[in-house]
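Okay, so here's the structure we're looking at.
The values are calculated or read from the model by the stated rules, or taken from the named source; none is laboratory data. Worth saying up front: this structure is predicted, and the values here are computed from it rather than measured. Cβ coordinates were reconstructed from backbone atoms using ideal geometry, including for glycine residues, and neighbour counts include every protein chain displayed. Note: accessible area is taken over every heavy atom of the protein model, side chains too, but ligands, DNA and RNA are not part of it. Shrake-Rupley method; radii C 1.70, N 1.55, O 1.52, S 1.80 Å.
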Amino acid sequence: QFLSAAAASPPVMSCCCCSCVDTGSVGVVQKFGEYQGVQEPGCSCICWPITTVEAVSLAVRQQECRSDCKTKDNVTVTVVTACQYRVQKDMIKVAHFDIADPFSQIAAEVDSVLRSSMPTMTLDESYEAKEKMVNEILASVRDAMGKYGYDIINVLITDIRPERSVMDAMNEINASRRQREAAFERGEAEKLLKIKASEADAEAKRLAGVGMANMRAAMAQGFQDSMKFMKESGMSEKEAMHMMIMTQYLDTLKEFAGSHGSIVVPHGPSAVGDLQGQIRDGFLQAASQQKMSGGIFG
């Protein structure tokens, strides 16, 4: 019976197979499920299914973690963190057999650090403290995963994303601040323009006054020279004064006639004589008033 049973059962056979491992990876060799070592990149012969080889990549990989946190000012934010890591070749056995889900453990360490750090900062402070949080996460994750054969190369906080309503409010605050600064700068510019215009107007008026004073000084000098010349020609002071006033009167009429406007001045053949009489009477009246005031107050 034993012989017939043995003859009836098919024989168990193993075959020689080729195992190929790509560059950048190593093969974890197991015999009857027991760890035997590693296979370097290349082709090797194994006795399958007694011996198996499973490739493990040594390349740098990146895992993105999303952590929902709350800041000190009660703003809910989503922090996006990128962890860059690789398997250490000399600890391939530990990395492959001693930890079942390294990705979940990395994410848990990141969440732990962020959820203990973010509540101590406001939203604005969290944007400024990215470098500090990166260092804390890197130290914590590297310490936790190093004993399992995972080397944490770098940690990056790629985004701190508050709720949409908070982002809209922040944008409105920034827009209002920018508009206020623009209005202030615009007001300062208008103020400067008005100051410069006032300074220019004051300088123009000063120069106009200087010009008027020089003109009057020149006119006075001209009158003095004219009076001196008339006196030297034999005219009395009164006659010279009458002549100068008459000349000024005629010049004034000439200016009115040459201007764009018009003025009605009563004038006739006897106007010159009447004007001279009026001038003479005016001088006599002024002289009499001066004598009277001298007699009263003298």
Checklist entry - In region 218-230, which residues are at pLDDT 75 or above and open to solvent by 60 Å² or more (accessible area, probe 1.4 Å)? => result A218, M219, Q221, Q224, D225, K228, F229
Next on the checklist: Looking at region 209-235, I want the residues that are farther than 15 Å from T247 by Cα and have a partner that is open to solvent by 60 Å² or more (accessible area, probe 1.4 Å) with Cβ atoms under 9 Å, at least 6 apart or on another chain. Which pairs are those?
Outcome noted: K231/E237; M235/M243
Checklist entry - Considering only strands (runs of 3 or more DSSP E) fully contained in region 13-71, which possess at least 2 residues that are of a type outside the set (S, T, N, Q) and open to solvent by 60 Å² or more (accessible area, probe 1.4 Å)? => result 15-21, 34-39, 42-48, 51-57, 61-70
Item to check | Any hit, region 79-101, residues being open to solvent by less than 90 Å² (accessible area, probe 1.4 Å), farther than 22 Å from Y148 by Cβ and not charged (D, E, K, R) | outcome: yes
Item to check | Cross-chain or 6+ apart pairs with Cβ under 7 Å, region 137-165 first and at positive phi, then assigned to a strand (DSSP E or B) | outcome: G149/V87
Checklist entry - From the residues in region 116-143 that are aliphatic (A, V, I, L, M) and out of contact with any Ser or Thr (no Cβ under 9 Å at 6 or more places or on another chain), which one is surrounded by the most Cβ atoms within 10 Å (Cβ to Cβ)? => result V141
Checklist entry - Can you list the helices (runs of 4 or more DSSP H) found entirely within region 90-139 that contain at least 3 residues being polar (S, T, N, Q) and at pLDDT 85 or above? => result 102-117
